[in-house]
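Peer 1: Sharing a structure here in structure tokens format.
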Amino acid sequence: MAAARALGAPTARQKQLGLSANWRQFTLLVATSAFVGGMVGLERSVLPVLARDEFGVASKTAAVSFIASFGLAKALANLAAGPLSERLSRRAVLIAGWIIGLPVPFLIIWAPAWGWVIGANLLLGLNQGLCWSMTVNMKIDLAGPQRRGLVLGLNEAAGYLAVAAAAFAAGIIAAAHGLRPEPWYLGIAFAAGGLALSVLLVRDTAPFVRIESARTGAPALPDTSLAASFARGTWRDPHLAGVSQAGFVNNLNDGLAWGIFPLFFASHGASLQRIAVLAALYPVTWGGLQLVTGWLSDQLGRKPMIVGGMLVQAAAIAAVGASREFAVWAVALALLGLGTAMCYPALLAATGDAVHPGERATALGVYRFWRDGGAIAGALAAGALADVFGFDAAIQSVAALTAASGIVAVMMLRPTGPTAMATEVSA
């Protein structure tokens, strides 16, 4: 036994599922999630204004093109991350994501043309898709099925609180020192910190997937090829397809909030400092409340949280577009954060609930592909609508689509979560 431990074989304690048994690794992964969120948060308050002021990008569609490049790269990376993590390891994919992300702040600092920023966002999308996918999967692996919502709430809270903090910090630094290079020094620190944690301290979680499969009596592993999982998550399984469409629209909203809202606020006289506050308010509410909403999805089930969250988001977006007052915008963005917080961990957990543990990484990759594809659609569609019909029409169109998605979710989603599992067992 001593020889086995000396060689690094896992002990019985290390093989236990759950937060208390694995709190050290879980804490490291939470910190890694924060670095991932910080990388993308830097752009939320600064880059749309950078496009307009330093590169002279007048078209709203072109101004949000960096979000489209980011979203496309992230969506494809999400799709590849699951199969890659099964072929290589979760940890190897995480490290690769950080290596890809290292050049991003330097490219933005040195960019002589807007095309460089587009290229930097392609790399940032790959970084986010690989790294965030792995932090999600690794935390689920460690926790087991009973606390899946809580774990995902903690993961997303860490990431999106970091998004909010970085968005606010970048806006304040830009207001004091300019749009480049000072705000992007934070990005260098985030990328270096995330890579150091992943290389030096994070361990792979593949053994915990095998433990969960054995202990939960999961049925035989289905066809886990990417093609089969893509079909199940897109049209073949109504529940998974319903989750995918809700995720798509949820991030379509985020594309609107990221790319169009700062320009909308600026068009009505908001200062860069106020835009920074508004840009941070949405993700800080979204991030902080997931500490509660993830746990609630374990108690109430995933479906009520998802449907309710989509309807709250729809009302909040409509309120933003209908007002010209900073105070109303602030309240509406806080409500948008609440609605997103209700959906985000519940959507991830609803996917994890419905698939075999051995298929989970690939299935989550399919869901995240569709979810982040929504950011592309939201940025481009809202930008095009704003160019042709104005900001109001673009914003209210997205609000209506979000409400429709909530209604679709009512019809397609099955009740899932620990509460639903207990009901099925007792029946």
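Every number here is computed from the coordinates shown, using simple stated rules; none is lab data. This structure is a prediction, so every number in the text was calculated from the model and none was measured. Neighbour counts run over all protein chains shown; Cβ positions are idealised from the backbone, glycine included.
Peer 1: So what's the net charge close to residue 180: Lys and Arg +1, Asp and Glu -1, counting the other residues with Cβ under 13 Å from its Cβ? Before the final figure, lay out each step's value.
Peer 2: Details: positive: none; negative: 43, 53, 54, 182.
Residues near residue 180 contribute -4 overall.
Peer 1: Still on this structure, please answer the following. Residue-wise, which Karplus ³J(HN,Hα) couplings in Hz belong to the range 281-287, taking 6.51 cos²θ - 1.76 cosθ + 1.60, θ = phi - 60°, and x for glycine or proline?
Peer 2: Values per residue, Gly and Pro as x: 4, 4, x, 5, 5, 4, x Hz.
Peer 1: Let me ask you something else. Can you sort 353, 237 by how many other beta carbons sit within 10 Å, fewest first? Kindly include the intermediate steps, with their values, before the conclusion.
Peer 2: Working: 353 24, 237 19.
With the fewest neighbours first, 353, 237 line up as 237, 353.
Peer 1: With a 10 Å radius around each residue's Cβ, average the other Cβ atoms per peptide and rank 28-35, 400-407, 129-136, 316-323, highest first.
Peer 2: Working: 28-35: 24.0, 400-407: 18.4, 129-136: 29.0, 316-323: 20.5.
Output ranking for 28-35, 400-407, 129-136, 316-323: 129-136, 28-35, 316-323, 400-407.
Peer 1: Using label points projected 7 Å from each Cα along Cα→Cβ, tell me how many nm separate residue 23 and residue 273, to one decimal.
Peer 2: Result: 4.2 nm between the two label points.
Peer 1: What is the sum of charges, Lys and Arg at +1 and Asp and Glu at -1, for the other residues whose Cβ falls under 12 Å from the Cβ of residue 409? Walk me through the numbers before you get to the answer.
Peer 2: Numbers: positive: 302, 303, 414; negative: none.
Residues close to residue 409 contribute a combined charge of +3.
Peer 1: Cβ neighbours within 10 Å, averaged per peptide: list 92-101, 112-121, 183-192, 357-366 in order, most packed at the top. Spell out each step's value before the answer.
Peer 2: Details: 92-101: 22.7, 112-121: 17.2, 183-192: 20.1, 357-366: 24.3.
Highest-to-lowest ranking by the protection proxy: 357-366, 92-101, 183-192, 112-121.
Peer 1: While we're here: Rounded, prolate or oblate: which fits the range 78-166, taking a ≥ b ≥ c as square roots of the Cα gyration tensor eigenvalues, rounded meaning a/c under 1.5, else prolate when a/b beats b/c?
Peer 2: Values: a/c = 3.26, a/b = 1.69, b/c = 1.93.
The shape class here is oblate.
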